[in-house]
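Following: one structure in structure tokens, then a few remarks.
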Amino acid sequence: MRVLLALLILTAAAPAAHAASYSVPARGATSTLTGQTIALAAGQVVWVEERGTGAALVAAGEDGVPRDITTLAPVKGGPRSHSVAASGTTAFLQRHVCADTNCRRDAAHDLVRVDLTTGAATPFDGCLGLAACGTCSGGHHFSFGLRGDVLGISGRCARDANVIDLATGETRRVPERILAAAGRYAVTSPDEQTLIVTDWRTGETIHRVSDVYLTSVIDGVALDVDGTLAWSYGAGVNVLAPGAAQPRTVPREPERLYDVALAAGRLATRTNGGNVEPVTFQVDDRKIEGQRNPYGWAFDGSRLAWAAEPCGNPVIQVWDLATEPPPPATDRCIRARFAGVKLGRKGAVVTVRLSCPATPARGCAGTVAADLFAGGRPVAQTGRWQYRVRPGETGTSRLRVERAGRLRGHKRLVARVKIDNDSGSSTTTRRRVRG
């Protein structure tokens, strides 16, 4: 009895599992503005990496060691896009590869369901048996989200969409595009000014909100498992709880666009700066500022994850909200090396090739600009454009020529290219680009 009592006391006094924030190198992390490429599930952060013309689903825990979960075979073509959603021990991985730059034909489309514990990947029918979806052109390209066992998935062929409970197989079709689904609830939008929250199992309307402003540029709508709805507007975020007649307002900085997420009764936001501007993450009154984040992000109520890329090397960062955030990724970037320049045939674009040394392995980042001269006299210029090049690789920057009409009639042109690394280190190179 005394031994048992001692064991009970030791068990009660044992410390809780240690929470930690961490960072993981992710050299091949895919950058996208239109889909999620990061998720939180099974106590890990999960993301998509490009491997040449193939792809991999990768995961890491607090040890910061990336591990491949499953891979997709190489497919030639491009542009290409990837997205992932995950919850519990299940992930959905999608890849879309165009056969040509105009994307008139598909080289490949994959949608697979992945067991995160075993890595087993099986094809998944995103149309859920709907014949019209399966036969239409471009039908195999889906937007989707996974919360718990509830998958909401929308295709391009029709306005209606599907919700499925993966645990029971129960499926319901909803009459509009799904913006989010969680628990018994789904939020849809018949237009760009209206949000409708329904109990997808019964079809009952829970909320109908008008006079909102929706755009494909941001993920401005979120739904929690209890039916709480959040949407961004010009100076903050509105949060409408079940049974409430009016939303409460959560203030944010004016004149910014915000992505929003809801989980476990908590609101997270991300300023949307596109592909260049630093962003700010905020949960409650805690902020992380100045991240360069052209990637997806994830929030599960206790952790926030994103891929930062101040230089050319992406780093997956996970903030356990019970602790301090991870140290910011290094922004001591290397200046890229000039590797060539070409003026487009119509004179509207200057294409600059930039190479980044393999060491130190921080990656190259900064700005690049070009001035165009005829007979030693400046005649046109480009603006300053941000670049990012990964270690040991070569990239290109397409610089739009301002007032390109001034180049007409000049048979000999020289470009003066200036490259810097945002910290005062710069180099200038001259090359003939015409004549």
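Every read-out reported here was derived from the displayed coordinates using simple, explicitly stated rules and does not represent laboratory data. A quick note: this is a predicted structure, and the numbers were derived from the prediction, not measured. Virtual Cβ from ideal backbone geometry, glycine too; neighbours counted across all protein chains shown.
Could you quote the convex hull projected area for region 291-331, Cα atoms only and averaged over all directions, in nm²?
The orientation-averaged projected area of the Cα hull of region 291-331 comes to 2.7 nm².
Between the helical axis of 2-13 and the dominant principal axis of the chain, each derived from Cα atoms, what acute angle in degrees is found, rounded to the nearest 10?
Once rounded, the angle reads 40 degrees.
As an exercise, use a Förster radius of 45 Å and the Cβ-Cβ distance of Arg67 and Ala131 to find the FRET efficiency, rounded to the nearest 0.05.
Efficiency computed from Cβ-Cβ geometry: 0.70.
Highest first, please rank the peptides 408-414, 109-115, 321-327, 43-49 by the mean number of other Cβ atoms sitting within 10 Å of their residues.
43-49, 109-115, 321-327, 408-414
Between their Cα atoms, which of Lys287/Lys342; Lys76/Lys411; Lys76/Lys342 are more than 32 Å away from each other?
As for pairs spanning more than 32 Å Cα to Cα, those are Lys287/Lys342; Lys76/Lys411.
From the backbone phi of region 249-255, what are the Karplus-calculated ³J(HN,Hα) couplings (6.51 cos²θ - 1.76 cosθ + 1.60, θ = phi - 60°) in whole Hz, Gly and Pro given as x?
9, 9, x, 9, 5, x, 6
Determine, from the Cβ-Cβ distance of Ala244 and Tyr213 and an R0 of 22 Å, the FRET efficiency 1/(1 + (r/R0)^6), rounded to the nearest 0.05.
0.60
Only Cα pairs within less than 10 Å get springs; with that Gaussian network setup on the chain, which residue of Val417, Val163, Val318 has the largest fluctuation?
Its mean-square fluctuation being the largest, the pick is Val417.
Based on DSSP H runs of at least 4 residues, each adding -39500 (n - 2.57), what is the mean residue ellipticity at 222 nm of the chain after dividing by all its residues, to the nearest 500 deg cm²/dmol?
After summing the helix terms and dividing by residue count, I get -1000 deg cm²/dmol.
Kindly write out, for region 53-59 in residue order, the coupling ³J(HN,Hα) from the Karplus curve 6.51 cos²θ - 1.76 cosθ + 1.60 (θ = phi - 60°), rounded to whole Hz, with x marking Gly and Pro.
Here the 3J(HN,Hα) series is 9, x, 8, 9, 9, 10, 9 Hz.
Please state the charge dipole magnitude for the chain, taken about the Cα centre, from unit charges on C-beta atoms (+1 on K and R, -1 on D and E), reported in debye and rounded to the nearest 20.
3260
State, to one decimal in nm, how far the label point of Thr171 lies from the label point of Lys76, with both points 7 Å from Cα in the Cβ direction.
Here the answer is 3.6 nm between the modelled labels.
In straight Cα distance, which aspartates and glutamates are under 15 Å from Lys346, not counting same-chain residues fewer than 8 positions off?
Qualifying aspartates and glutamates at Cα under 15 Å: Glu402.
Using θ = phi - 60° and the Karplus form 6.51 cos²θ - 1.76 cosθ + 1.60, what ³J(HN,Hα) does each residue of region 339-344 get, whole Hz, x for Gly and Pro?
Going residue by residue, I get 10, x, 8, 9, 9, x Hz, with x marking Gly and Pro.
Compute from the Cα atoms of region 299-426 the Rg and the Dmax, the latter being the longest Cα-Cα distance, and quote both in angstrom.
Calculated on Cα positions, Rg and Dmax stand at 18.8, 65 Å.
Could you give the size of the charge dipole of region 177-264 about its Cα centre, using +1 on the Cβ of each K and R and -1 on the Cβ of each D and E, expressed in debye and rounded to the nearest 20?
160
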